[in-house]
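Working notes, structure below.
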Amino acid sequence: MTITVNGQKREVQSPADTPLLYVLRNELDVMSPQFGCGLAQCGACSVLVDGKEVRSCVTPVSSATGKEVTTIEGLPARWAKQKGLSGTDAGKTLHPVQQAWIEEQTPLCGYCQSGMMIKATELLEKTAKPSDAEIKAAFTTSGPSAHLCRCGSYYAIVEAVRHASSIMAGGAK
Amino acid sequence: MKNSVETTHIFGAQLSRRGFVKAGGALFVGFTLLDSKDAQGAVAKNSLDPSQFQSWVEIHADNTVILRTGKCDFGQSSLYTAYRQIIADELEIPFESITAVVGGDTDRTPDGGGTFDLLGRGVTSLRKAAAYTREAMLELAAQRFGVAKDQLTIKAGVISGGGRSVAYGELVKDQNLKLSIPVTGDLTTMFGLTVDGNPPLKPVSKYEVIGKPYRNSIIPTKVTAKETWVTDVKVPGMWHARIVHPATLGSKLIAAGSVDKSKFPNAQIVAKGNLLGVVAPTEWEAIQASRQVAASTKWSEWKGLPGQPNLFRYFRQDADWKSTTVSRSQKSGGDAASAMASAKKKHAATYEMPFMKHAPIGPTMALADYKADGTVTVHAHNQNPQALRGQLALMLGVPVDQVIVRLYAGPGHYGRSNGGNAGAEDEAVLLSKELGRPVRVQWMRGEDFQWSTQSPAGYSDVQIGLDANNKISAYTVDHYMPAMQDDRPVGAILAGLPTMPAPSPGGQRLANTVNGNSDPWVYDGVLNLEERAHGTYEVGQRESPLGVGLRDHSMRTPGQFQQNFPREVALSEAAALAGADPIQFRLDHSKEERLKNILERLREESGWQTRSAPNPKASAKGNAPVRGQGVSVMFRSGSYWACAAQIAVTPASGAIAVEKITMVVDPGVVVNPLQLKRQVEGGSMMGTSIALYEQVEFDESGVTTKDWRSYPILKMADMPEIKVVIVNRPEVGVYGQGSEAANALAAPAIAAAFFDATGKPARNLPLRPEYVKNLLKA
């Protein structure tokens, strides 16, 4: 079985019914998606599959064959490709979502934030300038469950999504 | 290298020059134990690498500085921001000179102690260590220049005097310097070691680094997937485990189930007493095999809990509140009984708070590597690694120097492990020992709800008497709450191995059932005050054949939330009885200037309508939302807090929307306004969540809450607008806390706002729609 993870084709030995989360973390050493519930109820394990957020804890790896899986590790390259950056520029550029998450000092414990950034990326690739209502809807009702943050970083996330949107549009905050 | 040691005494510390080194050079700040029962041996032997010095502060020849602390980061950011700032100021160095902060690892950090009160007790030792260090650097410069110490000045790590200047790095270059500072305490207890003595501390007026909005250095590594989380640690030969916990909180193992070897050829079952684990080379095999084992395992039946619907009846009628000494608060005084008897008006009510979960987003996990020589290394995310080390050594019956705990970033769990145990650590150690290989234990979501500790439920009976002037003439309260801190590792209990004692009336500190007065009284205008706190055993603790029951543990503001909620909601109700505005009513009973100041700021900043409650437009009926405002106050760890909540209630549906939370905090010295603001925002969200949603469900056998559907928490779409107002009071001289108190304020303010909106008092939590509809019908 072969899946594409962050632009690289990866051979997978795990049984076909293994959740993508365990394949990424334990077999392929792609560590950013975290185990939160195993029930698609929290969003800590979210990854992009062909640009759409899925919960890797309940997604069999077999369903990702032939598709493009993107995690936080792959966000800088995804952005570089979208912007046509190459070489050294691409190497030193973070994805605007990551930049915004740092500049807004968004994470508290940060365990949920990989999934939050995946959801933000999915949103901003579809809706370049989301309203606050659209941001809240994306993180609450657009997926299998709301994305949960126990530390309460929701306000900081909204600010960071707005900030990322403005970076992506090429402007300062 | 010379053998001679030159020693200089500095404010009770000793500076030694132990010859010279060929390359580098450094000043290390270690310690001399003044008194300690068991720490001496532990400290002497607890390093993997004997050459690695366990120093608080290291100054290197390249002018870089490393800090080491037994405390950990759970998302507060304090280690990476406030600690750096406080120590940079005390050492007179730039913030950027501190290139690393090592937190928690038991073989790499000096002091231990739980991760709580980080800017109070937590940072004080490190700050004193830094002050001793600065004085030592001055001593070295004085010797070099031949100038008296008081003729020297320091600016950005450069000491000047007598026409000469030298950087810290130059002073330690090629040297092997050790500064030995006086220390007391016991390393593996709740509080760890404390730096003693009184080195001169930098005056607040001279702070340059404290007060600035530095960024948290761990955020970039976390958001770029470069941080090693505890969940990411792998060691060669590691297998994955899942625990099959008993069917109830009192069940014993009758027969372990089996695994279909044709499906799961590598899975192994490990049983030790009532601890049952399933281990396999891959995580997916361990998960699937453990489900099969769980389905075929036989446990004894047990029913010994009252069940959530009967909890408060059980507390009133059946719980033993008599065996435990009643605590009376320090401020209790006057003659509350007579004053209450002659009161013109009286408010008397009971307030009930449910069991709540810390509910980390990631369930507890740990990786243990038990070696053939009897030593074990545990990779964990824990708030008190040295105490965990002590607990694991007790369980194994070995000296503490055979246990090492390494700390990593992980999901915050808000107090649950500040006494040493988050859940999975002891189970990982036992399975690793049985199998002779490293074992990673990951609890599943349901286990984290059903087998971890909880924040204890409680209730309070409050009476407030008003005099002819509508002022409080008497206040009495009786708080009831079971034991709040149970640090026994549950795996050790199940395996029948030694643990610290369960809470009991005569137990030692942190293992007794005493309910302290945790919420300091702030209304000094009240002359007749009687505050009593009653404690008892944990629910089911003595009935369970395992001795487990509903284990409790501190959460953010342990015990204080359970006492502050009743006080603040009752005070708002008393204000209504007095026909007074609830902010003005509080002001009228306050003498403390800091408290008055934040209440006045809250009134200005929150859009407060000055009037008595309920709102003239209040209604308990209809489909149209009705609006209300409420206020709450808390004093904790040197900080004054005031909160206003503005809410909308839809009576027909029972739905509550928290529209805005305004928080005013006076922490004394504001160390980092940016990080404090984020902490207060986060706490406000958790507080809103507690007010609206959170309650542990349990039946007669155990916790039935098992996932995020049965334990709902706040979602982004339901978050309030937040306004944070930070009041800097450097003259107060204390560093207040950010993340602990912030989450306690919202619930009493929201309950008071509910009364304002509807005219019906809300005295129990959570304010879920069904409960709200019942309240409005009453």
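The values are calculated or read from the model by the stated rules, or taken from the named source; none is laboratory data. From a predicted model like this one, the values you see are computed outputs, not experimental measurements. Counting neighbours? That spans all protein chains shown, and the Cβs are built from the backbone with ideal geometry, glycine included.
Kindly state which strands (runs of 3 or more DSSP E) lie completely within the stretch B:138-215 and contain at least 2 residues that are not aliphatic (A, V, I, L, M). Lay out the reasoning, then the answer.
Details: elements: B:153-155, B:158-161, B:164-167, B:175-185, B:193-195.
Where strands (runs of 3 or more DSSP E) fall fully within the stretch B:138-215 and carry at least 2 residues being not aliphatic (A, V, I, L, M), they are B:153-155, B:158-161, B:164-167, B:175-185.
If I ask for residues that are over 16 Å from the mean Cα position of the chain (by Cα) and within 8 Å of another protein chain (Cβ to nearest Cβ), which ones from the stretch A:18-40 would you list? Working first, answer last.
We begin by selecting, within the stretch A:18-40, every residue over 16 Å from the mean Cα position of the chain (by Cα); these are A:18-19, A:22-23, A:26-29, A:37-39.
Correct list: A:T18, A:P19, A:Y22, A:N26, A:C37, A:G38, A:L39.
For B:S258, state whether it is touching a helix residue (DSSP H, G or I) at 6+ places or on another chain (Cβ under 8 Å), assigned to a loop (DSSP other than H, G, I, E, B) and of a type in the set (S, T, Y). Walk me through how you get there before you give the answer.
Working: touching a helix residue (DSSP H, G or I) at 6+ places or on another chain (Cβ under 8 Å): yes; assigned to a loop (DSSP other than H, G, I, E, B): yes; of a type in the set (S, T, Y): yes.
So B:S258 fits the description; yes.
Restricting to helices (runs of 4 or more DSSP H) lying wholly in the stretch B:554-657: which have 1 or more residues that are of a type in the set (K, R) and more than 28 Å from the chain's Cα centre (by Cα)? Show your work before the answer.
On the way: elements: B:560-577, B:582-588, B:593-605.
Per the criteria, B:582-588, B:593-605.
Please pick out the residue among A:S114, A:S145 that is in the same structural domain as A:A156 (by TED's automatic domain parsing), in contact with a Phe, Trp or Tyr (Cβ under 9 Å, 6 or more places away or on another chain), touching a residue at least 40 places away in the same chain (Cβ under 8 Å) and among the hydroxyl-bearing types (S, T, Y).
A:S145
Being modelled with pLDDT of 70 or more, in a strand (DSSP E or B) and not basic (K, R) narrows it down to one of B:I59, B:I93, B:I87, so name that one.
Matching residue, one of B:I59, B:I93, B:I87: B:I59.
I need the full set of residues from the stretch A:49-86 which are closer than 16 Å to A:L123 by Cα, more than 14 Å from chain B (Cβ to nearest Cβ) and in contact with a Ser or Thr (Cβ under 6 Å, 6 or more places away or on another chain), in order please.
Of the residues in the stretch A:49-86, the ones closer than 16 Å to A:L123 by Cα are A:49-55, A:70-72, A:75, A:78-79, A:82.
Narrowing the set further to residues that are more than 14 Å from chain B (Cβ to nearest Cβ) leaves A:49-54, A:82.
A:E53 - this is the single residue of the stretch A:49-86 that is closer than 16 Å to A:L123 by Cα, more than 14 Å from chain B (Cβ to nearest Cβ) and in contact with a Ser or Thr (Cβ under 6 Å, 6 or more places away or on another chain).
Kindly list the number of the only condition in (1) in contact with a helix residue (DSSP H, G or I) (Cβ under 9 Å, 6 or more places away or on another chain); (2) part of a helix (DSSP H, G or I); (3) more than 7 Å from chain B (Cβ to nearest Cβ) that fails for A:M117.
Unmet for A:M117, out of (1) in contact with a helix residue (DSSP H, G or I) (Cβ under 9 Å, 6 or more places away or on another chain); (2) part of a helix (DSSP H, G or I); (3) more than 7 Å from chain B (Cβ to nearest Cβ): (3).
Please state which of the following conditions A:A120 fails to meet, knowing it meets all the rest: (1) out of contact with any Phe, Trp or Tyr (no Cβ under 9 Å at 6 or more places or on another chain); (2) closer than 21 Å to B:T221 by Cα; (3) small (G, A, S).
Every condition holds for A:A120 apart from (1).
Here are A:D132, A:D89: which of them is within 12 Å of another protein chain (Cβ to nearest Cβ), of a type in the set (D, E) and surrounded by fewer than 24 Cβ atoms within 10 Å (Cβ to Cβ)? Walk me through how you get there before you give the answer.
Details: A:D89 fails: within 12 Å of another protein chain (Cβ to nearest Cβ).
On inspection, the qualifying residue turns out to be A:D132.
Cβ-Cβ distance below 7 Å, separation of 6 or more or different chains: which pairs start in the stretch B:76-90 with a residue that is over 16 Å from A:Q105 (Cβ atoms) and end on one that is of a type in the set (K, R)?
Here the result reads B:I86/B:R127; B:I87/B:R127; B:D89/B:K202; B:E90/B:R127; B:E90/B:R134; B:E90/B:K202, each pair linking the stretch B:76-90 to a residue that is of a type in the set (K, R).
Determine which member of the set A:A138, A:A156 is touching a Gly at 6+ places or on another chain (Cβ under 9 Å), outside any loop (DSSP other than H, G, I, E, B), facing another protein chain (nearest Cβ under 10 Å) and surrounded by 19 or more Cβ atoms within 10 Å (Cβ to Cβ). Step through it out loud before you land on a result.
Numbers: A:A138 fails: touching a Gly at 6+ places or on another chain (Cβ under 9 Å).
A:A156 is the lone residue from the list that is touching a Gly at 6+ places or on another chain (Cβ under 9 Å), outside any loop (DSSP other than H, G, I, E, B), facing another protein chain (nearest Cβ under 10 Å) and surrounded by 19 or more Cβ atoms within 10 Å (Cβ to Cβ).
So if I check each of B:E681, B:E721, which one is within 11 Å of chain A (Cβ to nearest Cβ), among the acidic types (D, E) and under 18 Å from the mean Cα position of the chain (by Cα)?
Numbers: B:E721 fails: under 18 Å from the mean Cα position of the chain (by Cα).
The match here is B:E681.
Identify all residues within the stretch B:445-480 that are among the aliphatic types (A, V, I, L, M) and surrounded by fewer than 22 Cβ atoms within 10 Å (Cβ to Cβ); write none if there are none. Walk me through it before giving the result.
Initial filter on the stretch B:445-480 (among the aliphatic types (A, V, I, L, M)): B:457, B:462, B:464, B:466, B:468, B:472, B:474, B:477.
Across the stretch B:445-480, the qualifying residues are B:L466, B:A468.
Among B:K357, B:K371, B:K322, B:K346, which is more than 14 Å from chain A (Cβ to nearest Cβ) and touching a strand residue (DSSP E or B) at 6+ places or on another chain (Cβ under 7 Å)? Talk me through it step by step, then tell me what you get.
Numbers: B:K357 fails: more than 14 Å from chain A (Cβ to nearest Cβ); B:K371 fails: touching a strand residue (DSSP E or B) at 6+ places or on another chain (Cβ under 7 Å); B:K322 fails: touching a strand residue (DSSP E or B) at 6+ places or on another chain (Cβ under 7 Å).
Selected residue: B:K346, the only one of B:K357, B:K371, B:K322, B:K346 that is more than 14 Å from chain A (Cβ to nearest Cβ) and touching a strand residue (DSSP E or B) at 6+ places or on another chain (Cβ under 7 Å).
Taking the condition over 21 Å from B:G446 (Cα atoms) and touching a residue at least 40 places away in the same chain (Cβ under 8 Å), does B:V223 pass? Step through it out loud before you land on a result.
Working: over 21 Å from B:G446 (Cα atoms): yes; touching a residue at least 40 places away in the same chain (Cβ under 8 Å): no.
So B:V223 fails the test.
Taking the stretch A:87-114 as the search range and keeping residues that are small (G, A, S) and assigned to a helix (DSSP H, G or I), which one is nearest to A:R162 (Cα to Cα)?
Taking the stretch A:87-114 as the starting set, the residues that turn out to be small (G, A, S) are A:87, A:90-91, A:100, A:110, A:114.
If we keep only those that are assigned to a helix (DSSP H, G or I) as well, we get A:87, A:90-91, A:100, A:114.
On the way: A:G87: 28, A:A90: 23, A:G91: 24, A:A100: 9, A:S114: 17 Å.
Ranking the qualifying residues of the stretch A:87-114, first place goes to A:A100.
Is the stretch A:94-114 home to any residue that is crowded, with 16+ Cβ neighbours inside 10 Å, of a type in the set (F, W, Y) and more than 9 Å from chain B (Cβ to nearest Cβ)?
Keep residues of the stretch A:94-114 that are crowded, with 16+ Cβ neighbours inside 10 Å, which gives A:94-114.
Now narrow it down to the ones that are of a type in the set (F, W, Y): A:101, A:111.
Pick out the ones that are also more than 9 Å from chain B (Cβ to nearest Cβ) and you get none.
No, because not a single residue in the stretch A:94-114 is crowded, with 16+ Cβ neighbours inside 10 Å, of a type in the set (F, W, Y) and more than 9 Å from chain B (Cβ to nearest Cβ).
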